[in-house]
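In what follows, a single structure is set out as structure tokens and then discussed.
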Amino acid sequence: MGFFLWQNSWLQMIFTLIVQAAPYSHQSADTAYRFAKSLLDQGHSLHRVFFYADGVHTGSALASPPQDEPNIPERWQQLAQDHQLDLVVCIAAAVRRGVLDANESGRYSKPGHNLADGFELSGLGQLVEAIAVSDRTLTFGA
Amino acid sequence: MSAKKKVLIINRRAPYGRSNARDSLDVALTCGVFELPVSLLFADDGVYQLLGEHDAQGIGQKNLSATMAALPMYDIDQLYVCEQSLKTQGLETSDLANAPTAVDQDAIQQLIKEHDVVLTF
Amino acid sequence: MALHTLNRAPADQSCVTRCLNALADNDALLLIEDGVYAALPGHQALFAALPDSVSLYVLQPDLQARGISEKVRDVFTPIDDAGFVQLACDQDKVVSWF
């Protein structure tokens with residue numbers, strides 16, 4: 001019994017995931033989600049998911065896939081809620097591509113904002129910090 | 001934060017046609033700002049990032065070569081280029097900016113071994 | 001020791017070659033997404049030069065989605081998502097080829 005406890009705690013890892021792929025364009029976006037879910041199910045911890053390049057579209061609250069397809073942003077939101085995840089969308093990549101929170105929308109005088117709840121816009125420093133403190137960093141690219 | 005992680009960034013895409021080169025450079029520079037040691041490996045079409053004197057104004061983009069030239073100011077001076085990719089592209093190290101070190105297959109395996117984290121773009 | 005993931009189909013030769021050439025002794029290779037097609041018998045030659053100590057895996061849900069679970073070579077061990085996570089833990093870093 002003691003051995004198993006020791007083994008479990010030793011095996012627990014801190015992960016960071018980088019998602020470069022756009023949702024619905026590339027399967028890589030789904031693989032990232034499945035990997036995240038699986039690592040959390042196994043009791044590992046997910047320090048941060050960093051959405052970069054076209055991956056920033058994952059943070060759009062306006063994604064409206066057909067009913068028989070998964071809503072990728074909502075799936076991440078649910079996972080974040082269940083596990084208190086830090087979902088960071090690269091601010092520079094996002095603002096360029098029209099994924100804005102209320103703050104950025106105001107700054108650029110845009111008619112609305114669409115960053116989904118549970119995601120936050122932040123800079124690459126958040127990625128570097130995450131790399132520094134995680135045991136494993138995985139890139140999901142397209 | 002304990003011992004600093006060494007980061008290897010592998011660049012496999014040509015500049016300008018897609019955002020990978022720019023995205024990668026931004027990550028490298030941020031690693032530099034936060035004093036995380038970073039090395040860059042250019043392979044496949046990524047070697048074109050180091051070729052030629054860029055002037056991207058006409059295509060509405062920022063020059064990557066200018067940023068690339070600033071890498072040493074961020075203490076990023078470990079630049080490597082895949083020897084096999086160079087051969088495939090008909091290029092020599094002397095054709096490239098930033099004086100990268102040419103590495104063969106074994107040396108690339110060694111680079112991956114020596115770094116704690118590998119990112120690809 | 002590193003886990004390498006490859007998500008490009010075999011016709012993307014430069015990606016496949018770069019990935020395979022980067023595999024060192026005791027590394028692991030996991031084919032994912034379109035990368036799983038490389039596990040078909042027709043692509044056996046790609047893997048001929050790999051050291052015996054490199055272990056080969058393929059992501060089962062991706063095989064199944066593509067209808068090739070029964071067609072891939074048995075040198076590839078099929079694993080599920082949990083197995084992917086386990087591999088990432090067992091190896092000390094993960095390199096993604098795409």
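Quick note: the coordinates plus some simple rules give every number you see, no bench work behind them. Because the structure is a prediction, the values reported are computed rather than measured. Ideal geometry is used to build each Cβ from the backbone, glycine not excepted, and the neighbour counts take in all protein chains shown.
Projecting label points 7 angstrom from Cα along Cα→Cβ for B:Ala102 and C:Ala9 puts them 3.5 nm apart. Site pair C:Asp80 and A:Tyr108 shows an inter-label distance of 4.2 nm when each label is modelled 7 Å from Cα along Cα→Cβ. In this structure, B:Lys4 and A:Ala63 have a Cβ-Cβ separation that, at R0 = 35 Å, corresponds to a calculated FRET efficiency of about 0.40.
Considering only the other residues whose Cβ falls under 14 Å of the Cβ of B:Lys6, what net charge follows from Lys and Arg at +1 and Asp and Glu at -1? Walk me through the intermediate numbers first.
On the way: positive: B:Lys4, B:Lys5, B:Lys113, C:Lys93; negative: B:Glu35, B:Asp75, B:Asp77, B:Glu114, B:Asp116, C:Asp92.
Neighbourhood net charge equals -2.
Using the Karplus curve 6.51 cos²θ - 1.76 cosθ + 1.60 with θ = phi - 60°, what ³J(HN,Hα) values do you get for each residue of region C:14-19, in whole Hz, with x for Gly and Pro? Along region C:14-19, the couplings run 5, 5, 5, 4, 4, 5 Hz. The phi torsions of region C:47-60, fed into the Karplus equation with coefficients 6.51, -1.76 and 1.60 and a -60° offset, translate into couplings of 9, 4, 8, 6, x, 4, 6, 7, 9, 10, 10, 9, 7, 4 Hz, rounded to whole numbers, with Gly and Pro shown as x. Amide H contacts of B:Val118 (H built 1.01 Å from N, in plane; Pro and chain starts excluded): B:Leu8, C:Val94 sit under 5 Å, all sequence-distant by 5 or more or on other chains. The residues neighbouring C:Val72, those whose beta-carbon lies less than 12 Å from its own, together hold a net charge of 0 under the Lys/Arg +1, Asp/Glu -1 convention. Note on region A:25-142: Cα-only Rg and Dmax are 14.1, 44 Å. Find the centroid of the Cα atoms in region C:1-65 and in region A:85-142, then give the distance between the two in whole Å. Value for the Cα centre distance between the two parts: 32 Å.
For region B:3-121, the share of alpha carbon pairs falling in successive 10 Å distance bins from zero is 14, 49, 32, 5, 0 percent.
The label point for A:Asp41 and the one for B:Ser94, both projected 7 Å from the Cα toward the Cβ, are 5.8 nm apart.
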